[in-house]
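> Structure provided below as structure tokens; questions to follow.
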Amino acid sequence: MVSRLPKSKGRQSRSELADIAGFRLQAETVQERPPLPDLPFFPGLSDARASAGLPDDHTVLTQLITLAAPKHPSADIWATSLLRQFGSLAALLSAPDEAMLAAVGQTPALRVTLRLVQEAAVRLHKARLSRAGVLADRAQLRAYLSAVLAHERVEQVRVLFLDAAHRLLADEMLGRGTVDHTPIYPREVMRRALELEARLLVLVHNHPSGDPSPSQDDILMTQRITQAASLLGVTVWDHIIIGSGRLCSLKEDGFF
């Protein structure tokens, strides 16, 4: 006789996995959880999770390890070790490939699971931005950018290309450099803007050092791209710098 697991047990496993990416799976439909300001991976996540009754980083990571490596004898101890090494679940999920491989390389299923969770989080943010408009929800924009760039160890410049209704046409990396310098050329930005028929741009780059304060080069780069864009009827809406989960808006700080 074949024994069967109680149905409630199966449903619980699906819902726990769904909670990791910020939505809950039902039997026939996908139903989004009401948005939280910091969901899923953004500064303040621990407070947001606690206030909403959601599991903390250690609980979620332990569940992920149990899911990917059910025979591991001490999932909770390994979760503790990984969080001590990386500092948070967000930092672990966004870790560079070599760091991820060094940490969980002996368990390929866990590495794949962590990458899938991170990708699901980024796609969820991007879908919300596409529906609501990039500039309609500042908190959602910041959450998306933080999920994409907050833990990058090499500086990169991304450009969000928007149409006149502030809908996201494309999010593209147009420059990647060293830990403290990334070359980007206004003509390349404007060429792509014309190809996409974009009307607004949001410049974004990260500071791997952790300090999001703009350098003089950052300010000059913003001014040059803004000037080139204005000649073609395109507006640079903002330049956002990300560092260790903190963000600096050059527009809000009056740099242009």
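> Would you please name the residue that is farthest from ALA143 (Cα to Cα), looking only at residues in region 222-256 that are free of Cβ contacts under 8 Å to residues at least 24 places away in the same chain and open to solvent by less than 80 Å² (accessible area, probe 1.4 Å)?
Step by step, filter region 222-256, then rank; the result is SER230.
> Let me ask something else about it. Which of the residues spanning region 70-82 are in a helix (DSSP H, G or I) and open to solvent by 30 Å² or more (accessible area, probe 1.4 Å)? Spell out the reasoning first.
Within region 70-82, the first condition is being in a helix (DSSP H, G or I), and the residues that meet it are 75-82.
Once the filter is applied, which keeps residues that are in a helix (DSSP H, G or I) and open to solvent by 30 Å² or more (accessible area, probe 1.4 Å), region 70-82 yields ASP76, ILE77, TRP78, THR80, SER81.
> Which residue is modelled with the lowest pLDDT, if the candidates are limited to region 183-211 and must be open to solvent by less than 10 Å² (accessible area, probe 1.4 Å) and under 21 Å from the mean Cα position of the chain (by Cα)?
GLY210
> Then there's this: Out of the residues in region 135-155 that are within 21 Å of PHE86 (Cα to Cα) and open to solvent by less than 20 Å² (accessible area, probe 1.4 Å), which is modelled with the highest pLDDT?
Filtering region 135-155 for residues that are within 21 Å of PHE86 (Cα to Cα) and open to solvent by less than 20 Å² (accessible area, probe 1.4 Å), the one modelled with the highest pLDDT comes out as GLU155.
> Would you check which residues across region 142-161 are under 8 Å from the mean Cα position of the chain (by Cα) and assigned to a loop (DSSP other than H, G, I, E, B) and list them?
ALA150
> Mind checking whether some residue in region 85-97 is touching a Gly at 6+ places or on another chain (Cβ under 7 Å), closer than 20 Å to LEU61 by Cα and modelled with pLDDT under 90?
Checked against the condition, which is being touching a Gly at 6+ places or on another chain (Cβ under 7 Å), closer than 20 Å to LEU61 by Cα and modelled with pLDDT under 90, region 85-97 yields no hits at all.
> So which pairs qualify, if the first residue must be in region 66-90 and without any contact (Cβ under 8 Å) to a residue 12 or more places away in the chain, the second must be open to solvent by less than 60 Å² (accessible area, probe 1.4 Å) and small (Gly, Ala, Ser), the Cβ gap must be under 7 Å, and the two must be at least 6 apart or on different chains?
The qualifying pairs are THR66/ALA75.
The values are calculated or read from the model by the stated rules, or taken from the named source; none is laboratory data. Quantities reported herein were computed from a predicted structural model and do not represent experimental measurements. So basically every Cβ, Gly included, is an ideal-geometry build from the backbone, and we count neighbours across all protein chains shown. Calculation scope for accessible area: heavy atoms of the full protein, side chains included, ligands and nucleic acids excluded. Shrake-Rupley method; radii C 1.70, N 1.55, O 1.52, S 1.80 Å.
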